[in-house]
Amino acid sequence: MAQKSQEKGATGGAPVVTDPGRVRNVVLVGHSGSGKTTLVEALLAATGTIGRAGSVTDGTTVCDHDPAAVRQQRSVSLACAPLVHDGIKVNLLDTPGYADFVGELRAGLRAADAALFVVSAVDGMDAATAALWEECAAVDMPRAVAVSRLDHPRADFDEAVALCQRVFGDNVMPLYLPMLGDDGISTVGLLGLITRRVFDYTAGLPADVREPDPEHLPAIAESRNELIEGIIAESEDETLMDRYLDGEDIGTDVLVEDLEKAVARGHFYPVVPACAETGVGLDALLEVLTAGFPSPLEHDVPAVAGVDGSPRPPLSCDPDGPLVAEVVKTTVDRHVGRVSLVRVFSGTLRPEQTVHVSGHGLAERGHPDHDADERVGHIYTPLGASLREVGACVAGDICAITKSGSAETGDTISARDEPLLIAPWEMPEPLLPVAIVARTRSDEDALARNLARLVAGDPTMRLERNPETHQLVLWCMGEAHADVVLERLRAGGVELDTEPVRVPLRETFTVPARGHGRHVKQSGGHGQYAVCDIEVEPLPRGAGFEFVDRVVGGAVPHNYIPSVEKGVRAQMGRGLVAGHPAVDLRVTLVDGKAHSVDSSDAAFQTAGALALRDAAEKGQPTLLEPVDEVTVRVPDSSVGAVMGDLSGRRARVLGSEPDTAAEGRTLVRAEVPATELLRYAVELRAMTSGTGTFRRHFVRYDPMPAHLAEQIRKENTP
């Protein structure tokens, strides 16, 4: 729950900066359970931002304030936690590690200028983290690695570093080595490789700095030489390597300066051991975050355009420039209302300022294009769920605004007299459908209100009201994402149930057939009389519907022929055998009878429908199912398993090819019946350890196998 107060033991006033050069925006990434949230909590406590560190287990951390996160004991949404170290404001962006919440991760990457990869010294890393490193490399995002959970009995720092070097590649090197205590197990300090000093945390933070013991010197010397060679290789001073090879002892100041430049450029990736529980390495990690990572001044501003799509010149991170900010996350709190987490890229956002809010390009996700002028009320610095008011937010910083009437995740905030639009970031496609049903009429109203709030804040969720199956379907990223969405709906006072998702099918004829429709009723007064005979023949897939008039001799009066067609079309919409719309038919009216008094438009509509139903009993109708073309992107090692699984889904594999966008990955293309894809998002993730993704689009309808069609017919027979 968002509160306009200081919570979770927050101390001191809200950090305020006026110079973008004194801001660092850092996103923490890593697999679920690697210790990101616990590390953020420890850094907040170490800098005095909060009085004491909370616990994930107890549900008392700053970042995991969502009830779903507390219950599941894992992050389910993006959280911002700023701290101040050496006069630098660091906005820590804690992201969920579970693949279902990749939308929150994408938002964190958008708001950040650098990434801290948190790798467990116990569990290593997952394949999704390795893939994310490659994504960051593609855009030259500066990165560093924190090896966490050093206090665990099975912690192995050397193996964690070796794993990072194997997976992440060159220039991943530790700046420190763990120093074990007298028991030979616990980590009580660090060995600084550049400074050749011991940082002893036996008495807690700050560390006691001293000269190394003799037994430490060999390990320091070996690792230090590798580190120095790596730093010098990235140095802009071309003479430095020659001087080093000639035996010159390169000064610490020179090494540190070159190291910071290489890290900021995204060419060197320091590894820091850090233990949230004992405080070991927290000060060293803060130095990397503040001195090594770049400020927003060194990070390109996303491309902008006019709201009409007209090109605009590139912007820079200038507090005095045109206002351009982006809503990276939206939540709706029952007490505060809509809370928008905003990254300001250019200009300065001020209270009581009238701005333009614009959102385009997500209409298919349930976010119609919108433009509105709004007045910004108060501006806050968020600390997890708490909001601390500030006087302004300059370019490069992150803030929160409340009570916006239209701001949604991904929207652009700009000056009213110069509205602009930021190019949107890539949003993953939700591919797991969940059909929901409100239990009562009153729940339907509450469901509509709550769904609007959730869709506004979560662009990875798509809302679909299927006109054919009459189901309300939430398209989610996976089961965990669906569970959180349903929990939030129920927390909003909605009683609902889920039901199996129904795939829209079609029906058609397989052979030509004749049908006779006779609608004759006489009950006194004006009666009903209409008779028609039709011939029905199947058409090629996608041909649609044709109606042909071949009546001779006026057997069916000319003015009633459109009525027959209308009745046939109505019956096609109701279905032939299982209640699904009929398609790809040619219906020819060949004969009929009329009565001068009792015939009518309604009577011939009914006769036309009866004639088609009669023909269906003879024309061997069949069910058609939608077929999607699927492109599956998987590691090379998973190609065999994926192809075998697709074969079991009645797929027609079209081929495979190397993925030109990422080395070591393959694209598999296949045509798969949509009924076989309802849970494919979950099953593909299980097959590929979370690294497989897929896209799908409809291509055509194909006949359903006879045994499956017969099963559906039985289910739809009263």
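Where a number appears in this text, it was derived from the coordinates with a stated rule and is not lab data. Worth saying up front: this structure is predicted, and the values here are computed from it rather than measured. Backbone-built Cβ (ideal geometry, glycine too); neighbour counts: all protein chains shown.
Its residue count N sets the reference 2.2 N^0.38 Å, and the alpha-carbon radius of gyration of the stretch 535-578 equals 1.33 times that reference.
Using the Cα coordinates of the stretch 466-507, the gyration tensor eigenvalues translate into equivalent-ellipsoid semi-axes of 24, 13, 7 Å, sorted from longest to shortest.
Once the cut-off is 15 Å, how many percent of the Cα-Cα pairs in the stretch 664-711 end up in the long-distance tail? Pairs farther apart than 15 Å: 57 percent. Semi-axis lengths, largest first, of the ellipsoid equivalent to the stretch 347-410 are 23, 14, 11 Å, with √(5λ) applied to each eigenvalue of the Cα gyration tensor. Compared with the rule-of-thumb size 2.2 N^0.38 Å for a compact globular protein, the stretch 429-536 has a Cα radius of gyration ratio of 1.73. Under the combined filter of DSSP loop state and at most 15 neighbouring Cβ atoms within 10 Å, the stretch 307-394 retains these trypsin sites (Lys or Arg not before Pro): Arg334.
At the listed q of 0.11, 0.17, 0.24 Å⁻¹, the Debye profile of the stretch 94-173, built from one uniform point per Cα, gives log10 I(q)/I(0) equal to -0.29, -0.69, -1.25. Here, the stretch 221-275 is characterised by an Rg to Rh ratio of 0.97, where Rg is the alpha-carbon radius of gyration and Rh the Kirkwood radius.
Give me the one-decimal Kirkwood hydrodynamic radius in Å for the stretch 614-657, with the sum taken over alpha-carbon pairs.
On the way: mean 1/r = 0.0751 Å⁻¹.
After inverting the pairwise mean of 1/r, the radius is 13.3 Å.
Considering only Cα atoms, the convex hull volume of the stretch 502-550 works out to 151 Å³ per residue.
The charge dipole of the chain, taken about the Cα centre with unit charges on the Cβ atoms of Lys, Arg (+1) and Asp, Glu (-1), comes to about 3920 debye, rounded to the nearest 20.
Counting every Cα pair in the stretch 436-478, what percent are over 13 Å apart? Of all Cα-Cα distances in the stretch 436-478, 59 percent exceed 13 Å.
Rounding to the nearest 10 and keeping the result within 0 to 90°, find how far the Cα-based axis of helix 157-168 lies from the longest principal axis of the chain. Helix 157-168 and the main axis of the chain meet at about 50 degrees. Once the C-beta distance of Ser406 and Val590 is scaled by a Förster radius of 60 Å, the resulting FRET efficiency is 0.55 to the nearest 0.05.
Convex hull volume per residue, computed on the Cα atoms of the chain, equals 204 Å³. The Rg/Rh ratio for the stretch 1-139 is 0.95, where Rg is the radius of gyration of the alpha carbons and Rh is the Kirkwood radius. P(r) for the stretch 475-595, from all Cα pairs and a bin width of 10 Å, is 11, 30, 20, 14, 12, 11, 2 %, short bins first.
How big is the Kirkwood radius of the stretch 170-265, worked out from every pair of different alpha carbons and given in Å to one decimal?
Result for the stretch 170-265 stands at 14.5 Å.
When the alpha-carbon atoms of the stretch 112-243 are used, the pair Rg, Dmax equals 16.2, 45 angstrom. If one computes P(r) from the Cα atoms of the stretch 539-612, what percent of pairs lie at distances over 20 Å? So the pairs more than 20 Å apart make up 30 percent of the total in the stretch 539-612.
For the stretch 386-473, dividing the convex hull volume of the Cα atoms by the residue count gives 189 Å³ per residue. One decimal place: the segment Ala452-Asp300 gains 51.4 nm when fully extended, by the rule 0.36 nm per residue minus the C-alpha distance. The Cα center of the stretch 650-718 and the Cα center of the stretch 445-494 differ in position by 24 Å. Coordinate range of the alpha-carbon atoms in the stretch 257-354 per principal axis, descending: 49, 41, 22 Å. Semi-axis lengths, largest first, of the ellipsoid equivalent to the stretch 337-449 are 29, 18, 14 Å, with √(5λ) applied to each eigenvalue of the Cα gyration tensor. Across the stretch 594-718 the C-alpha pair distances fall into 5 Å bins from zero in the proportions 2, 9, 15, 15, 12, 9, 8, 7, 6, 5, 4, 3, 2, 1, 1, 0 percent.
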